[in-house]
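Enquirer: Structure provided below as structure tokens; questions to follow.
The values are calculated or read from the model by the stated rules, or taken from the named source; none is laboratory data. What you see is a predicted model; the values in this text were computed from it and never measured. Using ideal geometry, Cβ is built from the backbone for each residue, glycine included, and neighbour counts are taken over all protein chains shown.
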Amino acid sequence: NAGVMQNPRHLVRRRGQEARLRCSPMKGHSHVYWYRQLPEEGLKFMVYLQKENIIDESGMPKERFSAEFPKEGPSILRIQQVVRGDSAAYFCASSPRGQGQGEQYFGPGTRLTVT
Amino acid sequence: AQSVTQLGSHVSVSEGALVLLRCNYSSSVPPYLFWYVQYPNQGLQLLLKYTSAATLVKGINGFEAEFKKSETSFHLTKPSAHMSDAAEYFCAVSVEGAQKLVFGQGTRLTINP
């Protein structure tokens, strides 16, 4: 059973460009979470999605960031008009049910560098 | 709201010595607590979790943690450090009905030969 897949692993964008990060959850998992890790910091929650629904986006910046988890295909985290401060590692995690006491399974992350 | 504080952003121990990584949590309802490990340029891997059963939890790679409600702590220990334990360790908290994990800032563990 393949783990959580994220691509690309590394992404370089110039300021003002768009970044698209993809996450394929583990087979059978319908809950997806996105976290951001800034250098020398812990992971900060961004958004929680189930198939076709955003359940909690309380950690998402109000502008330029969006996320989706369509019925078919991977979850996408989209960052428009990137700025240097967006440089970070973005981790996707999945679970078979909502958080509670369950564990989340993490992907290897996408490391975004904005030049 | 829940929060986690990890005391010590960097911990260094000698190979074979005791590893102790500290985690204190804040939660107004019974928490679920997790320790994750992150090796360089990799994602997070679950070491162990506390979900209101036994207060002493054993995990992978010889690690264990003890839930102490009176001290609001969930410290991670390993009796004898190995070079392969060098990594970043994150404590996290969740509660029933929660939508997310709340992480501490992490502790980087270095093992000296």
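Enquirer: Taking segment B:78-91 as the search range and keeping residues that are part of a strand (DSSP E or B) and under 11 Å from residue B:47 (Cβ atoms), which one is farthest from the other protein chains (Cβ to nearest Cβ)?
Expert: Restricting to residues being part of a strand (DSSP E or B) and under 11 Å from residue B:47 (Cβ atoms), the top hit is B:78.
Enquirer: Considering only segment A:72-90, I want to know if a residue exists there that is within 17 Å of residue A:28 (Cβ to Cβ), surrounded by fewer than 19 Cβ atoms within 10 Å (Cβ to Cβ), more than 12 Å from chain B (Cβ to nearest Cβ) and out of contact with any Ser or Thr (no Cβ under 9 Å at 6 or more places or on another chain).
Expert: Scanning segment A:72-90 turns up at least one residue that is within 17 Å of residue A:28 (Cβ to Cβ), surrounded by fewer than 19 Cβ atoms within 10 Å (Cβ to Cβ), more than 12 Å from chain B (Cβ to nearest Cβ) and out of contact with any Ser or Thr (no Cβ under 9 Å at 6 or more places or on another chain).
Enquirer: Here's something else I'd like to know. How many residues does segment B:25-48 contain that are within 14 Å of chain A (Cβ to nearest Cβ) and either at positive phi or not in a loop (DSSP other than H, G, I, E, B) (or both)?
Expert: Residues that pass the stated criteria total 15.
Enquirer: If I filter segment B:59-68 for residues that are touching a Phe, Trp or Tyr at 6+ places or on another chain (Cβ under 8 Å) and either within 12 Å of chain A (Cβ to nearest Cβ) or without any contact (Cβ under 8 Å) to a residue 12 or more places away in the chain (or both), do I get at least one hit?
Expert: Yes; the residues of segment B:59-68 include at least one that is touching a Phe, Trp or Tyr at 6+ places or on another chain (Cβ under 8 Å) and either within 12 Å of chain A (Cβ to nearest Cβ) or without any contact (Cβ under 8 Å) to a residue 12 or more places away in the chain (or both).
Enquirer: Another question, if that's okay. If you take the residues in segment A:5-44 that are among the aromatic types (Phe, Trp, Tyr) and touching a Phe, Trp or Tyr at 6+ places or on another chain (Cβ under 6 Å), which one is nearest to residue B:91 (Cα to Cα)?
Expert: A:35
Enquirer: A further question follows. If you go through segment B:92-103, how many residues are buried (at least 22 other Cβ atoms within 10 Å of the Cβ), within 9 Å of chain A (Cβ to nearest Cβ) and in a strand (DSSP E or B)?
Expert: 4
Enquirer: Specify the residue that is farthest from the other protein chains (Cβ to nearest Cβ); the eligible residues are those in segment B:49-58 that are outside any loop (DSSP other than H, G, I, E, B) and farther than 19 Å from residue B:103 by Cβ.
Expert: B:56
Enquirer: State whether one or more residues within segment A:18-38 are under 15 Å from residue A:87 (Cβ atoms), without any contact (Cβ under 8 Å) to a residue 24 or more places away in the chain and assigned to a loop (DSSP other than H, G, I, E, B).
Expert: For segment A:18-38, residues under 15 Å from residue A:87 (Cβ atoms), without any contact (Cβ under 8 Å) to a residue 24 or more places away in the chain and assigned to a loop (DSSP other than H, G, I, E, B): absent.
Enquirer: Let me ask something else about it. Mind telling me which of the residues B:7, B:109, B:101, B:20 ends up being at pLDDT below 95, under 12 Å from the mean Cα position of the chain (by Cα) and of a type in the set (A, V, I, L, M)?
Expert: The unique qualifying residue is B:7.
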